[in-house]
1. Alpha carbon centre of the stretch 601-625 versus the stretch 239-253: separation in Å?
2. Suppose every K and R has +1 on its Cβ and every D and E has -1 on its Cβ; what is the size of the dipole of the stretch 220-281 about the Cα centre, in Debye to the nearest 20?
3. What are the residues whose amide H is under 5 Å from the amide H of residue 549, where those residues sit 5 or more places off or on another chain and H is modelled from the backbone?
4. Output the relative contact order of the stretch 558-646, whole-number percent, from Cα pairs under 8 angstrom with separation of 6+ residues.
5. Suppose we look only past 16 Å in the calculated P(r) of the stretch 532-643. What percent of the Cα-Cα pairs does that tail hold?
6. Can you give me the Cα centroid spacing of the stretch 124-181 and the stretch 321-388 in angstrom?
7. Within the chain, which DSSP H helices have Cα atoms that stretch 20 Å or more along the helix axis and a mean Kyte-Doolittle hydropathy of at least 1.0?
8. What's the exposure ranking of 38, 119, going from fewest to most Cβ atoms within 10 Å?
Amino acid sequence: MPHLRRAGWLVPLLVLTGLSVFIETSSAQAPAAPSSEIPERFTPRTETFDYVRREEMIPMRDGVKLKTFILVPKGARQAPMLLTRTPYNAAARVLRFNSPRLAAVVPQMNDTAVAAGYIIVFQDVRGKYGSEGDYFMTRPLQGPLNPTATDHATDSYDTIEWLIHNVPESNGRVGTIGGSYEGYTTALSTVHPHPALKVAVPFAPMVDGWIGDDWFHYGAFRQDGMLQYIYDQEATRKNAEEWWSGSYDTYDEFLRAGSAGAMAASRGLEQLGFWKALVEHQAYDSFWQEQAVDRLLAREPLRVPMMIVAGLFDQEDIYGGPALYRALAPKDPEGRFVYLVLGPWNHGQARREGRSLGALQFEGDTAGWFRRNVMQPFLDHHLKDAPRPETPRVLAYETGANAWQRYDHWPRSCAEGCSAPARELYLLPGGRLGFDPPPVSPQSYGEYVSDPAKPVPYRQRPTLAYNAADSTWGEWLVDDQRHAASRTDVLVYETEPLAAPLRVAGQPIARLFASTSGSDTDWVVKLIDVWPDEVPENPPLGGYQQMLSADIFRGRYRQDLAVAQPLEPGKVLAYRLPLPQVNHTFLPGHRVMVQLQSSWFPLYDRNPQSFVPNILFAPPSSYVKATQRIWHTPGHPTAIELPVVP
């Protein structure tokens, strides 16, 4: 407050003018003390603010009240409202900068909406921060997993009902928007939607937490980052308790802990409901299937136009956006409701700046360009009766070529069910890759020994916690992979330098023929663009092994994702691993590379390589070395189904 700032200014003045002045001043009669240091009611002066901020507790149908912040531009009349429902502290989300300007206080994803005169609304989901009620991580919709009368869909409905009757400056139309968990609540707002909900823009939504978002990837548990997240989110209503660590390198920390369950127990996670759910639901059972958002929305009629925004290098929810589009697009053959944007972004980058990612440079601010030229006209059309924009059904940034492409469907090329079938890129003897099938050869497999005591790090060490001050967590999906290629427990296959561009657009699928000496194992497959040894315009990219698409598969789920079964040691078995979406051109002089390994640590928990009922609690004695073989014979032709565009 002002009087504190004056006191801070006076202290050095008294010191500089001397002790005698200080004594003389001290002996003078002090002015009468005010009756109260803090007024009972303080009204800040807001004449210079360009918006009015309101705080409300909005009642839900069960009587629970949700803390809501409504930011109204001064002079607004008949303005649309843009609603974000968040577990990340709505009060902080509307105070990006302590400023009198609305554009500065709201998140950057709202920048174009503020410029267009929108009313911005943020709300704490039930059970978090200022909202009443209980919190459950990614609360399922009403049904077998949620016997209550409320969920994110009903809370969205009730909030919108209140807003259209209590915000007189609005035009009665609402859009929902948000990323990650907020993208999840945005998507669920379209289930039995309020009539005033006219449009939804989920950024990087969490859609299926077992197949490929957040918690698991095809059964492998994402321990580093997710254990910390569960602790932060569920230990207290206001995230007052933070995960503690005495280690700089999480690789060492998780290796010393042993199993993910042991690490969780060391922090007391057994007290938290969502951790208990993870422990009980390791396989893809009804718990996961019944709350997968793509499955849920596929059963609902399309009522709300939706622009799904996804990042090609999303380190947290890379699966969700394309999966949601794939589920909904067949219900919208005319392209009036469902749109997909694939940008060259990490998890939150579409909502911020998109000029670069790690060592990669793009053509201008791709994220800002998208929000101004694609997203905002889409919002204005549905919320302000602006002219219908020429919104492409699919807008995808083509990395390598560094250009936006407009498509009428996605994927452009795929392994199954579309007009442009993928081409098989075969793993060949001698560490080669090619489009011709493997010949008969005495070298019928590549081999390595996987040792759980020395797992392959998912990035160059030290691996830092995702929320560390100097962490580059958001960049690891485009990291240089030479650190892994040099290890003896990683197989490397690559083409000769390309003589012509090779364009891919869609979902690569790894079809492995593999054997292990163990009774369980993980398979990690990485598709990589290898830059030429010399890149004069950007020398640090010389020889750079740029990861384009990669994922992990837990072997015990080879036959049935819902039932864990041991593997037969030594037997050649077939595996199918869909990789994340790509839209990329391999330029002339570049090489295509595939790397295979059996650990990706500490991001994913270690597979002990001997079958145990629950890997989260694998005892130390169960971790054993295993000899891994990837086969490339005419009878067992391991290949990557590459979505090559003619």
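1. Their Cα centres are 21 Å away from one another.
2. Values: 6 positive and 10 negative charges, 36 e Å.
The dipole magnitude comes to about 180 debye.
3. Long-range HN contacts for residue 549: 527.
4. Values: 32 pairs, mean separation 14.5, N = 89.
Answer for the stretch 558-646 is 16 percent.
5. Values: 4457 of 6216 pairs.
Value for the stretch 532-643: 72 percent of Cα pairs lie more than 16 Å apart.
6. With the stretch 124-181 and the stretch 321-388 each reduced to a Cα centre, they are spaced 24 Å.
7. Numbers: long enough: 2-17 (23 Å, 0.74); 152-166 (21 Å, -0.68).
Counting only whole DSSP H runs, no helix qualifies.
8. Working: 38 7, 119 26.
Sorted ascending by nearby Cβ count, the order is 38, 119.
Taken together, the values in this text are just the output of simple stated rules run on the coordinates, not laboratory data. Everything quoted here is computed from the prediction, not taken from an experiment. All Cβ positions, glycine included, derive from the backbone under ideal geometry; neighbour counts span all protein chains shown.
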